[in-house]
Amino acid sequence: AQKVTQAQTEISVVEKEDVTLDCVYETRDTTYYLFWYKQPPSGELVFLIRRNSFDEQNEISGRYSWNFQKSTSSFNFTITASQVVDSAVYFCALSELNTGGFKTIFGAGTRLFVKA
Amino acid sequence: GAGVSQSPSNKVTEKGKDVELRCDPISGHTALYWYRQSLGQGLEFLIYFQGNSAPDKSGLPSDRFSAERTGGSVSTLTIQRTQQEDSAVYLCASSPGLAGLSYNEQFFGPGTRLTVL
């Protein structure tokens, strides 16, 4: 069965600090996809990144970086030099190819507060 | 439109009434998802469609919930005999489906906030 665990409910940092959001997943499939989405105070979820299970290469995009480790079933997200605009709820998600399409399960989310 | 739209944006209803929530996906997206987000909580998967068919209905909380999609486009989520615990934000998302490089990246709508009194 699919499961996504985001153990950190809330994190509070001061601007310019680095912060890492943890995500641990469970799946029995060998082919799956992992995602991070951002939900700012305005409410609409925004896609940040997708990773497939065969690509463990870490990715960096500006101040954002992602560390995918199959050995520990983790897909952690780091924000470097955080800014107030990074304040949001961040969701990790797991998608498996199911009959006729993809079923996606989201973690409970981590609420990030970045204080000026 | 350019993005996923949902209507109404807000719905207040009395306990026991039926409600219909509508989702207009991005044109050409074959996959459509419904989620429920209770106050301060994560996203609870309800159902997804690939075209007009719903391969997985396991997330629907009870038989009071149903969803349909016609013409491979608009979807309606219906909640019958609403209860107070149904109060939440109902989010719809669409994705290109099994075709296209970003086939399972989901684009979310703004949600419908349902309040059951």
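The values are calculated or read from the model by the stated rules, or taken from the named source; none is laboratory data. This structure is a prediction, so every number in the text was calculated from the model and none was measured. Here the Cβ positions follow ideal geometry from the backbone for every residue, glycine too, while neighbour counts run over all protein chains shown.
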Looking at region B:1-41, which of its residues are without any contact (Cβ under 8 Å) to a residue 60 or more places away in the chain, closer than 29 Å to A:T5 by Cα and either of a type in the set (S, T, N, Q) or surrounded by fewer than 20 Cβ atoms within 10 Å (Cβ to Cβ) (or both)? B:S38, B:L39, B:G40, B:Q41
Looking only at region B:58-90, how many residues end up being more than 17 Å from B:Q37 (Cβ to Cβ) and modelled with pLDDT under 90? 4
Test each condition in (1) touching a residue at least 12 places away in the same chain (Cβ under 8 Å); (2) loosely packed, with under 13 Cβ neighbours inside 10 Å; (3) of a type outside the set (F, W, Y) for A:S42 and report the one that comes out false. (1)
Pull up region A:65-101, narrow it to residues that are of a type in the set (A, V, I, L, M) and within 26 Å of B:P55 (Cβ to Cβ), then point me to the one that is farthest from the other protein chains (Cβ to nearest Cβ). A:L94
So A:L45 fits all but one of (1) closer than 26 Å to B:C92 by Cβ; (2) away from chain B (no Cβ under 14 Å); what number is the exception? (2)
Of the residues in region B:91-116, those that are modelled with pLDDT of 95 or more and away from every other protein chain (no Cβ under 12 Å) come to B:L114, B:T115, B:V116
If you check every pair at least six apart or on different chains, which have Cβ atoms under 6 Å apart with a residue in region A:5-18 that is over 30 Å from A:T104 (Cβ atoms) first and a residue that is among the small types (G, A, S) second? A:E15/A:A116; A:K16/A:A81; A:E17/A:S82
When the residues of region A:89-100 are filtered to those that are closer than 16 Å to A:F35 by Cα and of a type outside the set (D, E), which remaining residue is modelled with the lowest pLDDT? A:L97
Spot the failing condition for A:T104; the list is (1) over 12 Å from the mean Cα position of the chain (by Cα); (2) at pLDDT 95 or above; (3) within 14 Å of another protein chain (Cβ to nearest Cβ), and only one is missed. (2)
Determine which single condition B:A54 fails, assuming it passes every other condition in (1) within 13 Å of chain A (Cβ to nearest Cβ); (2) among the hydrophobic types (A, V, I, L, M, F, W, C); (3) under 29 Å from A:T110 (Cβ atoms). (3)
Taking into account only those residues within region B:21-45 that are under 11 Å from B:R69 (Cα atoms) and assigned to a strand (DSSP E or B), which is farthest from the other protein chains (Cβ to nearest Cβ)? B:R22
For residues in region B:60-79 being free of Cβ contacts under 8 Å to residues at least 40 places away in the same chain and in a strand (DSSP E or B), which is farthest from B:H29 (Cα to Cα)? B:F65
Does region A:81-90 hold any residues that are farther than 29 Å from A:T27 by Cα and either under 15 Å from the mean Cα position of the chain (by Cα) or not β-branched (V, I, T) (or both), and which are they? A:A81, A:S82, A:Q83, A:D86, A:S87
Show the residue pairs meeting these rules: Cβ distance below 6 Å; 6+ apart or different chains; first residue within region A:26-39 and within 11 Å of chain B (Cβ to nearest Cβ); second residue surrounded by fewer than 18 Cβ atoms within 10 Å (Cβ to Cβ) and among the small types (G, A, S). A:Y32/A:S53
